[in-house]
Each structure stands twice: as structure tokens, then as C-alpha cells.
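The values are calculated or read from the model by the stated rules, or taken from the named source; none is laboratory data. Computed from a prediction, not measured in an experiment: that's the story for all the values here. Every residue, glycine as well, gets a Cβ built from its backbone with ideal geometry; the counts of neighbours run over all protein chains shown.
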Amino acid sequence: MKITKLQAEIMLKKMPELAEKIYEDFPELKPSIVIDSWEDLGEIKGYFINEDSKILKQALSLNSCKAHKNVFKTQKQAESALAYAQLTQLMADCGDCDIDFDSEKPKYNIVRVLSSVNIYQAFGYFSFLAFNSEKIAKEFMQKHEGLIKTFYQI
């Protein structure tokens, strides 16, 4: 038996037990798992980094809006962001991090592989922790391994 899209919508409301079968014939009626925009998110909870670089738990539920885009869902994510901020300053100080990812020259990327960090040579591959020389990448990883692991949430 064939039904129309309008009939399918009515059946979804009145007979939710038939939803999977209806979605097979009308996949466009299946609700999306991915929300459309930040503003549609509604209530958020989590962690933020204050002006003294301390990670604090958000005491109250907030509505997603322009003023609350700095709230991370988990403490580990907030720690990762704080570590990345520090790593960007340390990278800039070593003078080897002005990376042209479109060039054909090799880059030395510090990446997470399972539960460890390694350096990989790559061409055209983007990495948050990229260097122009292997020597600097190795020294940087040796000196800042703790921050790098925090950034990669290890």
C-alpha cells in the first residue's frame, strides 16, 4: 500500500511505532541528529577558562547565544584549549612555525596516534602542531610533551 508524504507525517504522530518503516519510504521525514545552528542549541553546561587561565565549571545552565560561546562541554576539552593556547605561543617563539601548507616542502607534524604522540613528515597535510624542520619538531616535542598530550587529550 502506498501512502503520501502528508499521510506519513500524520502516521508518525499517531503511530510512532511505525517510524522506522515510514523513514524507509520517506527518509526526509527522519529528524536530523545534527542541530542546525549554535543559536538552536538551547541550554548548555560545561567549563570555561577565566581571565587567570583557571578552568572553572559553569555553575548555572546557560542559553546558547553570542555571549556564551566560550563554554566547553568537558573539562578535558577546556584543558586542551588552554594547552593549545600555550603551545601556539611556544611555537611562535621558536620561529619555525610560519607554515605554508600549500607548498611542496615537507612539514614535520606532531600528531596523536592512539595514546602517544609522534612526528610525521608530510606534504600538504594540515596539522595544528607543524614545523618546517624535523630538528625543531623533535626538540619541541621533547620539551613540551606534557602540554602536547594535554592538547591531544591523552
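Numbers at a glance
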{"read-out": "From the options PHE151, PHE123, PHE101, residue that is more than 29 Å from THR74 (Cα to Cα) and under 21 Å from the mean Cα position of the chain (by Cα)", "value": "PHE101"}
{"read-out": "Region 1-42, subset of a type in the set (D, E, K, R) and closer than 30 Å to LYS69 by Cα, residue farthest from the chain's Cα centre (by Cα)", "value": "LYS30"}
{"read-out": "Failed criterion for SER37 (all others in (1) surrounded by 10 or more Cβ atoms within 10 Å (Cβ to Cβ); (2) under 30 Å from GLN7 (Cα atoms) hold)", "value": "(1)"}
{"read-out": "Verdict on ILE119 being assigned by TED's automatic domain parsing to the domain that holds SER80, at pLDDT 95 or above and surrounded by 15 or more Cβ atoms within 10 Å (Cβ to Cβ)", "value": "yes"}
{"read-out": "Close pairs from region 79-108: first in the same structural domain as LYS149 (by TED's automatic domain parsing) and assigned to a loop (DSSP other than H, G, I, E, B), partner surrounded by 11 or more Cβ atoms within 10 Å (Cβ to Cβ) and polar (S, T, N, Q), Cβ under 6 Å, at least 6 apart", "value": "ASP96/ASN132; ASP96/SER133; PRO106/GLN121"}
